[in-house]
Structure formats: C-alpha cells, structure tokens
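All remarks here apply to the structure that follows.
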Amino acid sequence: MSTPTPVPGTPVRPKPSERMKMPRQEMPARDAVGRGHDFDEVNLGFDPTLSLAEAARCLECAKPTCMHGCPVHVDVRAFVRLVLAGDFAGAAAKIREDNVLPAVTGRVCPQEDQCEGTCLLAKRTAPLAIGHLERFVADWERATGTVSLPKIPPPSGKRVAIVGSGPAGLAAAGDLVQRGHAVRVFEALHEIGGVLVYGIPEFRLPKEIVREEVENLRKMGVEFETNVVVGRTLTVDELLGEEGFDAVFLAVGAGLPRFLGIPGEHLIGVCSANELLTRVNLMKAYLFPEYDEPVYECRGKAVAVVGGGNTALDAIRTALRLGAREATLIYRRSEAEMPARAEEVHHAQQEGIRFLTLTDPVELLGNDKGSLVAARCRRMELGEPDASGRRRPVPIPGSDFEIPLDLLIIAAGTSANPVVQSTTPGLATDKRGYIAADPETLATSRHGVFAGGDIVTGGATVILAMGAGRKAAAAIDQFLVSASGVGGRSAPAAGAAPSGPADRG
Amino acid sequence: MFPIVEARFLAPEIKLFRVQAPRVARRRLPGQFVIVRLHEHGERIPLTIADSSAADGTVTLIVQGIGKTTKLMNRLEPGDAVLDLAGPLGKPSEVERFGTVAVVGGGVGAAIAWPTAVAFHQAGNRLLTVLGARTRELVILEPELAAVSDRLVVTTDDGSYGRPGLVTGVLAELMAAERIDRVLAIGPVPMMRAVAELTRPLGVKTIVSLNSIMVDGTGMCGGCRVLVAGSSQFACVDGPEFDAHEVDFTALAQRNAAYREAEQASLAAFLAHPERDLCRIHAAPLEVPS
C-alpha cells in the first residue's frame, strides 16, 4: 500500500525510528474536582489535530500484532492509515466492518490488555493510543452524520432470535443481518443495551451513544423487543417452535450479584454494585425526584465499595458523584492485581477515591434500626500465586480494624442467572451453572441453540462478549446455510451470504 | 405498551385492573408477578398477577395505593396504557393435593393469595380461608374466595365486620379444631411473622409470599434479597414464596424501610402536582379489543 497523501496542515511523516521517540498524546479530560460532582463524561476525546499527531506514531508494522490482541480483530493498521490520510469517516467505516459498536469500545475496552498491549511502541515510549483514535473516528462519524452502514444482502429467509441486548447480542445481531438473516433481539428490561445501559455509568459511556448505536442496528433491519424475559415470558422451545425461529443465540449476561457471605450483609446500607448502578444508570436515580426510582442517600455519607474490578470503580465513582463525603475502595489484594482498566484506576485516584488495598471486610456492624454503621476489616498480605496466577491474599492475624460507613457497595462478581437454563430442557450447563458451549462454535447441547458472553464465561468485558457474539454469528450463519442445503429450501441467501467464518480470520 | 381494558375500585385505594399482555397471560401460573413501569420517568414495581385469561390475553392486577407509583396507577382508567410490563416472574406457587389447606390473607395480601387459593381448591384440597382487614370497607375478594373455600372467616381489626381481632386468633381456632396440612399466609410482615410463630410449634408447613424491594425483578440487582435459613435468597428468582419458618422477618421489615424517606418525598411531590405524572401516561393504542 502506498503512503497516504498528507492532508494540508499535517506534518511530514517522520521515519519509524523517529516515531519510536514521539510521545503518546494524552486524552483530554475534565478537571478532576469538577467532574466528581456530575454525571457528564470524564474524557473529552481527541480532536483532529491530536488524532493526526497520535496516528503519526503508528509504525505500520508489516505483521501487526495489535489486531490479534483485539477480540474482534479490528484492522487497526488500516484504520489508523485512514486517520493519517484525514479520512476519518473512512476510518470509522473500516472499524465497523469488524466492530458494530466503535463509539462504545473506544470508551470501555481495556486496550492496555488487548490491542495496545501488543504494540511495539510500548518498548520505547508508550503504545499507540488505539482506543482514543477509535473513539475519535466513531464520534466524528456520529457528529458529522457520516455513519456508513454496511450493505445488507437479500433476505435469506432464515430467522434468528437473540436473547439479550448487551454487547454479545448486539454484535451477533450486526453480523447476522449483514448475512441476510432476519434478526429479532429480545430484552428482559425496558431498554436496549444490557450492561451498556444498566451497568456502565453515564460519565464513562453516555447513554445517547448506546441509543445511536442501537438505532444504527435498527436501520440495518434488526428488530428489538423489550419486556420479554426468555425463560418466563417465552421459552427457548417456543422460540424454536411457534415463534418460528431457525436458531437462537443466548446472550443473557451473567446475572446474579454475589455477596460476601459475611455477617451483616442484610443491613440497610449494604447493596450490590448492580443494584446501585441499575438504579442510577437504567432508572436515572441521580435525577430523583424528576425520575421516580430512588437511590441510597449518599450526600455527606461515608461510602465504600468492596472489589477491584471496573464494576467496583464504576460504583464508587458513582457514589462520589451522588455526593459522598468519603469514597473508599476496599480491595483484598494490592493495586497491581486490580482487574480494572488502568485509566479508570487513574481517574478514580484523581477524583479523590481513597484506596484501601490489602484489606478485606469480615463483618458489617449495624445500629438498632438495622442500618450499617461500620465495617470490621482485616489486613491482608500477598502469599503464593493462586489459580488465577495472582498472588493469594492471606489474612494477617490480629490486624482487625473498623471503618465507619453509611453505605457499603459489594462488587464481588456475579454468578449464573438460572432462568434460561432451568426452563430449557436438555440445555447443558457447567458445574457453576453457566451454559456449556463449544469453544469454537458456541453451539450448546441443544440443536440450533448457541450461547456466548458472560452466561458462558462468567463476568468478563464488553469486548470479549462482542467477540463471542461475532463468533456465534459466524457459526449460526454456517448452521443456517448448511441447514437450508440439507432441507432443500430454495435459499437465495446461501449464495448471497459470504462464507462467514473463513473471511473473518 | 400494555393497554388497560378494565379498571374498578374494590375498596378505597384498592383497584383492580385488567391489562392486555397476551404472552404473560398465556404462561402465567398462580404465585407469579409482573414488573410494571408506568411512564418514561417511572420506577419499576412488582405486582402479583391476581388472575389471567389466556383467551382474551389479559392479566389482572390488584393495586393498593400506598406510594407514588401505586397511587398514580390507581388514577388510570381503561384507554390508558402501562408503558412496560414484564413477566410472569418468580417461581409459581407449589400446588398439590396437600389435604386441608388454610389460606390467610391480610389486607391486600388477599389479592396475592387469591390465585393460589383457587389453585388449591382446583387441586382438590379442603380450603379454609381467613380474610383479615383493618376495617369493613377494606375487605376485598370475599365472594371470590368464598366460592373456592370450604369455610371462610372474615376478621376486622376494629370489629366493624366479621370477627373482631386478628387473623391469627381464627387460625389458632381452626388448627385446634382440625388437622391442617399446610398454611399460606400473605399480608403485612407482622401478620406473616405472627402466623409463622403460631404454626412453628405445631410443625405445620407454612408458606409466605415476600414483598421485598425490587428493581429489575430478574435476579440482576439483588435488592430483593431476603435471609432464609441463614442464607441470602432473591425473592424475584428464588421466591417470592418461602418457608415461613426459615424467613428472617426482622431483616425483611428493616430492609423494606430502606428507601422510606425518598418514598415519602416522592409521594408528597406527586400529591402536590399529580398532573406532572398524569401527563406522562400513555393513551392505549386505538385497536384495543373489547
């Protein structure tokens, strides 16, 4: 490929050896003090100048590793080249070939562990800011109204039901309509987006962006139906029977929040991160009483979260924005082991979240009204690595201490929601209750039923769920095409649909 | 959008609605509930399905106006619509031929117990019903419950109708007079706790339906967790019915008060300016079948 023509105003491209020395462009963010009081987005996004300067750092490796670090294999080198050429809309369209939610993943992916984690620039300076560039071009196409949606082939005559409208379901829906299949997404809640609308806060992912991405899928022909709890309102058997679907993709998410199993968890003032986040994000409790759903009073209160993942950080930063006087993160290992995105940890620290690491609550103390007043905690030290490869936290005897608290949010992960499994005869699960699916095809033990995302893996990330959605879409496409061949159905789509899995890498 | 096809008061502040929701109506079993959201700014609240008709695709909901959302809902009429309605949620009631079953319904709890009482009757149980209310005009569903009960006793706290006093007094008499194989008690937390303490020493299996605070109703938020036999159970997916002898009623009562201040503020604001919410209510689409 020839070197792109620089747009006016762009500096002449430095040599690769020079690029290795260029500093990474910083993401502009709102002032840490001001942003801690409202729910507006923290990051402001790159502008064209910053984007061109950052894109100029790309080494354009002959064998790029970044796209293999990406669970949906975005062609990073190609889209960065388009950025450099000033074709921002083209860059966004390039990403969209592999990723239906670029404005979302540009904001919430743990890039440091994925595309940026393999970037060669990291050896000298810092990895290319791929996530920031992705966000920039996705926002650019939205702002300029240049979203170019992929072409939809003629109808295949096949119908796919997708259960759950989170990242796995949306990614699968995007790929399946692009192969000519009719797709209907069923959502249990009243809004489309799953964790993108109930879990991730406005200050990290504005809901307007999710709505626009869903609207794009609608324009591509995806149908959505809310208020349908599959397993209750409709069963999987009904979807494959009287509802007339040829295949089902179960992407219902992980579900049930775990608690710690320590005394005092039933006190008023103890809740799951899911509850706090659902009230605030889905139900807009931060706008109470303009919106009806209330949330625990945080104004002037001492609030803590237990956990070290993105959900824990989202919850405690939400409590801060609700007016908490003190906002503390309690984590039993050290900061190095925290599974959260690096940027979120950094932002939380800037905002004044106190990190109480190597600490584990052992008992929650209440008053005579049944309200939380304190947590008794134990100091920990790191021992030998455990099954996760991280050093195991070991309690230090005699180290107990109390911290006064009005609200404790528990972000200790999730366990499988049993509703679909328990109402679908013959659907195999693993020993933890998650749906068992073939790692390659995501096929379940039931013919025509596929499953992916958190309901198979347990709680993970948006992009891993999207990767599962794409994998399932490819497998479902192949299943439908071969089924129509066997069934002798006149299938215009069998030819129209591209040979799915192979061309996706 | 879920159109309301019938709405009538059964008692002051207690209103019966029939709402079009064909899929829910088709699958619903006694003991299950729906989550309802009235308009775009509304909260999600659980309401037990009192009855349903697969034929006309409706579910029956009986609503007592206590907080903002229930009081707002009680102002709705046929031609209005509920914005969101999801269900049927929760595990259905356990219904078998147990022998003699006593159903105790306190206040609007009678509406929650009603469908299961009907099912007990249909399963061939001898059914003894105790229907309690604060005062005469709050006694609901007496003819409906009498129709399926072998014996029905009404009690009122103030003695204005039926037997004066609490439901537990009548239940104690019934248990003294004959062998009772199972009790279903649904009503205010103190009533359910009192019934549990009454039946515990006699070893009579007693089931209660718990009305803990819910948001999503599908198991995701854990707000509805209750302490049952010392462990956390989610009322929305593990319940709403539990063994009364294993429920920690103190924790339940405390947790149900968690949002009281906000709830009161919300109600006061609504009563001062009901038009702000009423103008958000959607009209039912025109093609509502009769």
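The values are calculated or read from the model by the stated rules, or taken from the named source; none is laboratory data. Because the structure is a prediction, the values reported are computed rather than measured. Cβ: placed from backbone, ideal geometry, glycine included. Neighbour counts: every protein chain shown. All accessible areas refer to the heavy atoms of the entire protein, side chains included, with ligands and DNA or RNA removed. Shrake-Rupley method; radii C 1.70, N 1.55, O 1.52, S 1.80 Å.
For the reader, a short list of remarks on this structure follows.
- Highest average packing first - A:98-110, B:121-133, B:73-85, Cβ atoms within 10 Å: A:98-110, B:121-133, B:73-85
- Taken over chain A, the percentage of Cα pairs per 10 Å bin, counting from 0 up to the bin with the maximum distance, is 4, 18, 27, 26, 17, 7, 1, 0.
- Of all DSSP beta bridges in the stretch B:100-256, antiparallel share, percent nearest 5: 25 percent
- A helix-only calculation puts the protein assembly as shown at -8500 deg cm²/dmol for mean residue ellipticity at 222 nm, using -39500 (n - 2.57) for each DSSP H run of at least four residues, averaged over all residues.
- When both the stretch B:133-173 and the stretch A:65-115 are represented by their alpha-carbon centers, they are found 68 Å apart.
- Three-way shape call for the stretch A:74-230 based on the alpha-carbon gyration tensor, with the a/c threshold at 1.5: prolate
- Taking only the Cα atoms of chain B, the ratio Rg/Rh comes out at 0.96, with Rh defined as the Kirkwood radius.
- Peptides B:270-281, A:177-188, ordered by how many other C-beta atoms sit within 10 Å of their residues on average, highest first, read A:177-188, B:270-281.
- For the stretch B:212-288 versus the stretch A:327-404, the gap between their alpha-carbon centres in whole angstrom: 31 Å
- The charge dipole of the stretch B:66-174, taken about its Cα centre with unit charges on the Cβ atoms of Lys, Arg (+1), Asp and Glu (-1) only, comes to about 140 debye.
- For chain A, the membrane-span-like helices by this rule, meaning whole DSSP H stretches whose C-alpha atoms cover at least 30 Å of axis and whose Kyte-Doolittle mean is -1.0 or above, are A:462-487; this says nothing about an actual membrane.
- Spatial separation of Cα centroids for the stretch B:92-122 and the stretch A:412-487, in angstrom: 39 Å
- Residue-by-residue Karplus 3J(HN,Hα) for the stretch B:223-239, coefficients 6.51, -1.76, 1.60, Hz, glycine and proline x: x, 8, 5, 10, 8, 10, 6, x, 10, 6, 10, 9, 4, 6, 10, 8, x
- With a simple spin-label model that places each label point 7 Å from the Cα along the Cα-to-Cβ direction, the separation between A:S17 and A:E335 comes to 3.7 nm.
- Surface composition of the stretch B:100-256: carbon and sulfur make up 52 percent of the accessible area, probe 1.4 Å.
- In this rough spin-label picture, where each label sits 7 Å from Cα along the Cβ direction, the B:R151-A:L382 distance is 7.1 nm.
- The stretch A:55-120: C-alpha gyration tensor shape, a/c 1.5 cut-off, then a/b vs b/c: oblate
- Taking a ≥ b ≥ c as the square roots of the eigenvalues of the Cα gyration tensor, the stretch A:194-290 is oblate, since a/c reaches 1.5 or more and a/b is not larger than b/c.
- Förster radius 35 Å - calculated FRET efficiency between B:A177 and B:A54 (Cβ-Cβ, nearest 0.05): 0.35
- Charge dipole (debye, nearest 20) of the stretch B:100-256; +1 at Cβ of Lys and Arg, -1 at Cβ of Asp and Glu: 140 debye
- Residue separation of B:F98 and B:E197 scaled by 0.36 nm, minus their Cα-Cα distance, works out to 33.5 nm of gained length.
- Computed on protein heavy atoms with a 1.4 Å probe, the accessible areas place A:T429, B:T70 in the order A:T429, B:T70, largest first.
- Semi-axis lengths (Å, descending) of the ellipsoid that matches the C-alpha gyration tensor of the stretch B:100-256: 25, 17, 15
- The value of relative contact order for chain B, using C-alpha pairs under 8 Å at least six residues apart, is 18 percent.
- For B:R260 and A:V394, the FRET efficiency from 1/(1 + (r/R0)^6), where r spans their Cβ atoms and R0 equals 41 Å, is about 0.45.
- Among B:S160, B:S52, B:S149: highest mean-square fluctuation, GNM of chain B, C-alpha pairs under 10 Å: B:S160
- Computed about its Cα centre, the charge dipole of the protein assembly as shown is approximately 1200 debye, with only Lys, Arg, Asp and Glu carrying charge at their Cβ.
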